[in-house]
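Structure record follows, encoded as structure tokens.
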Amino acid sequence: MSEADPVETFRQEAQDLLEQIEQGLLDLAHRPGDKALVDAVFRGLHTLKGSGAMFGFDALAAFTHHCETAFDRVRKGQAPATPELVAAVLAAQDHMRALAEGRDAPDSAGQALLNRLQRAVDGAGESPAAIPEGPPLNRFAIRFSLPADALANGTRPLPLIDELRELGECQVTAITDQVPPLEALNPTDCHLAWEVFLATEHSRSAIEDVFIFVIDDMTLEIEEVVSGLSDESEPEPEPELELASPPTAEASPASAPGEPVAESKAARSSETVRVPAERLDELMDRVGELVIAQSRLKQVAAGSIDPNLRAVSEEIERLASELRDTMMVVRMVPIAQLFGRFRRLIHDLARDTGKSIELSTEGETTELDKTVIERLADPLVHLIRNAADHGLEAPEQRLAAGKAATGQIRLAARQSGAEVIITITDDGRGVDRARVRAKAEENGLIAPGAVLSDGELLQLIFHPGFSTASAITNLSGRGVGMDVVKRTIEGLRGAIEMTSEPGKGSEISLRIPLTLAIIDGLMVRVGQGRYVIPLAAVEECVELSAEQDVRSTGRSLITLRDQLVPFIRLREQFKTGTSPDPHQKVVVVATGQERVGLVVDQILGDHQTVIKSLSSFHDDVEVFSGATILGDGGVALILDVAHLVASGQRQDAQQLRAAG
Amino acid sequence: MGEAWQVLTFDLAGETFALEAGHVREVLDLMPETAVPGAAPFVSAVINFRGRVIPLADLRLAFEMGKGAATIDSRVVVIEYELDGAPALIGLRADKVHEVTTIEMSETEDVPRVGLRWRTDFIRRLAKRDGDLIVVPDLDQIFTTRGGARGAVVPLTTA
């Protein structure tokens, strides 16, 4: 099946590698001197080349090889990481992505990219004070041996020796002391060691770099042979300092020159397990069922006098809730994964629009359910495009308005209760109210001259088919837009809100539940039925006094701390046919700024809920977003708060119209 | 010609119906059900089937028989069926479940155009057995129209 398909595995690995490379490159654009970044990018390219060749992606391997060669010069300090170079490698990286995905990528395009890369490297290498020509030669005695199983693991000594040869003049001797007698010889083992005398203009670190990918398992001794003119030929001290561990003396095999921290970090992060998302979902389902079974057990135990049963029940309750918490954490990934993708987007957008854009991010460690993260990607891309295309002005306009030429787009995420709030802020021109109004009137969304609050006006932007872009650009303004974003966010049981100040910029905030699988809910009773209201949306519960009940029959509004809040009688909405309880309650729910009261017969308490989706038979019933199974085996429906609030607001507007 | 159907037969309002046995997952005793306010009457409730929330459909309403009271024989037949492109579990109410049996194709006949009280497009075949009539309902048609809840289907051919 797919998970066992090595090519698919490679593709996934390539995706990750390319993403790493991209991140490295983008960071490099800001910190061109950071050697750790250069090394990281180089390692990424090298690994990609290696595994590409292993899985038969020869074109990819060949192409990557050239990029690697170019980047190698940066790494060796022969060329600085200029913006042109970074841009060239970024472009090349797209080509690699195409090759890795097996898409059609013409060779000519690849060649053009390589030429560009070459120019960037050459140009870069010459401009700054280049390395002085013909530095005095250093002489090294190098002894190295590989572990016995190196050949079986795919390490080949010959290319290593070839690489040493590239550094300078070499004398290579094979040491055969360790080769066993023929009868004891295992032909697949590596018994040879090598001794190399090297005269090179490079420093010790260049030699160590040759072995960079095998150094963990091998033994390597590098000894500098001091010759007559050595006083000046002391290799540049800098790399020595960085690699503090190997002093001029022999490095003992046990403490073979350890790579700096970056390497060990990479090793640690590779201890992760890749699991198909469906398996996690299945596991989550099982955990959900366990929680349900456990709460049934709890009810049985509560009705029993057997202390053992009670003890076991409590034990299982504790375990089940721990298991559920663990399971939740397993599905959580930091939002940095998502934000990371947008840096490239901004880079491209800046190029395409000719605007200067800077992206800043905040709260990247905020965690969200993996499924949610994936489904957020498209809407966020759209919102960022909008901000860059419509929000930010061209540099001249910005300067004229007294702002910095570079536009700012800020992405921030933070957790607030059971929700994550993601905001996209730009410091652009803000929403042009007059244009929104004109457009809405033109499209017949509102009557000409209709009185609207500022919030309502801004909400029009999310109306289907609404687009203020007068010219259709490559980026946005294709008419599918904010309404799709809104639908997607609502599909995640989230909400979207916009504030905008003319001339100062706009802010869009998304409120997203932490997970799609479990919610904390408030269980209520309406007639005979039990329903769950997502707790994150609940603001408060108040009693609906008989007096208010009577007074409000005409207009369904209650006064809540001097504010009028429309309410919906769920008993009427659900046509229960029952008479109201004497002490009805109003549960005030909100999405964003809008509030609505839900009149219920009884509040039963809070309830942690595993969400089950309803079948497509019930697609048309928009009031419910799902269902859940209760401890007694019954089913309770989960109310869709966003939908209820919207219909409450609509009803309110109608009543106001009818009233005056 | 020797084609045969393995079917499960059951009663609805005194008539015998048959479902292809391959679709049937399980036959359950009546269980607590949860009404879905605002849903089509044909699928007005959901039930908990082994930890999953599945819709409970009432074929009687598709055949305009009216709701019947639950009896000691009432059952829910859970079937697995393709619903809008994805396999789904659906519970069907039954007044009484009989047996799994074989219907020979030769025992069946096309649905007569006239003489039936029911919507003919909801019936796939009719079978005769021991003087009794067995109705094989057309679940595709019934499910896509939500049991006819979305208004009567106007026949395309008019002449």
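The values are calculated or read from the model by the stated rules, or taken from the named source; none is laboratory data. Quick caveat, the model's predicted, so the values are computed rather than measured. Neighbour counts are summed over all protein chains in view; Cβ atoms, including those assigned to glycine, are modelled from backbone coordinates with ideal geometry. In case anyone asks, the SASA skips ligands and DNA or RNA and just uses the protein heavy atoms, side chains included. Shrake-Rupley method; radii C 1.70, N 1.55, O 1.52, S 1.80 Å.
Brief remarks follow.
- The simple Förster model, with R0 at 56 Å and r as the Cβ-Cβ distance, assigns A:ARG165 and A:VAL381 a FRET efficiency of 0.70.
- Charge context of A:ARG435, other residues only, Cβ under 14 angstrom, K/R +1, D/E -1: +1
- Estimated FRET transfer efficiency when R0 is 35 angstrom, pair A:THR365-A:THR69 (beta carbons, to 0.05): 0.45
- Stretching the chain fully between A:ALA62 and A:ASP432 yields a gain of 128.1 nm (0.36 nm per residue, less the alpha carbon separation).
- Within chain B, the longest run free of exposed loop sites, counting trypsin sites (Lys or Arg not before Pro) that sit outside DSSP helix and strand states (H, G, I, E, B) and have at most 14 other Cβ atoms within 10 Å, spans B:1-49.
- Of the peptides B:132-140, A:632-640, the order by per-residue mean of other Cβ atoms within 10 Å, starting with the highest, comes out as A:632-640, B:132-140.
- Counting only other chain Cβ atoms within 10 Å of each residue's Cβ, the peptide B:84-91 averages 2.
- Counting only other chain Cβ atoms within 10 Å of each residue's Cβ, the peptide B:20-32 averages 1.
- Full extension of the chain between A:LEU452 and A:ASP549 gives 32.0 nm of extra length, using 0.36 nm per residue less the Cα-Cα distance.
- Point-to-point label distance, B:GLU3-A:ALA199, nm (Cα→Cβ direction, 7 Å offset): 9.0 nm
- Using the Cβ-Cβ distance between A:VAL330 and A:ARG414 with R0 set to 25 Å, the FRET efficiency works out to roughly 0.70.
- Counting, for every residue in A:567-576, the Cβ atoms of other protein chains within 10 Å of its Cβ and taking the mean gives 1.
- Estimated inter-spin distance, A:THR406 and A:VAL300, nm [label 7 Å along Cα→Cβ]: 6.5 nm
- Three-way shape call for the stretch A:2-126 based on the alpha-carbon gyration tensor, with the a/c threshold at 1.5: prolate
- Summarising the label geometry, the points placed 7 Å from Cα in the beta-carbon direction at A:ASP352 and A:GLN15 lie 2.2 nm from one another.
- Protection proxy ranking, highest mean first, for peptides A:80-89, B:28-37: A:80-89, B:28-37, where packing is the per-residue count of other beta-carbon atoms within 10 Å, averaged.
- Euclidean distance between Cα centres, the stretch A:318-343 to the stretch A:8-76, Å: 28 Å
- Residues of the stretch B:19-49 with an amide N closer than 16 Å to a point placed 7 Å from the Cα of B:ILE72 along the Cα-to-Cβ direction: B:29-30.
- Surface per residue (accessible, 1.4 Å probe) for the stretch A:518-659, Å²: 45 Å²
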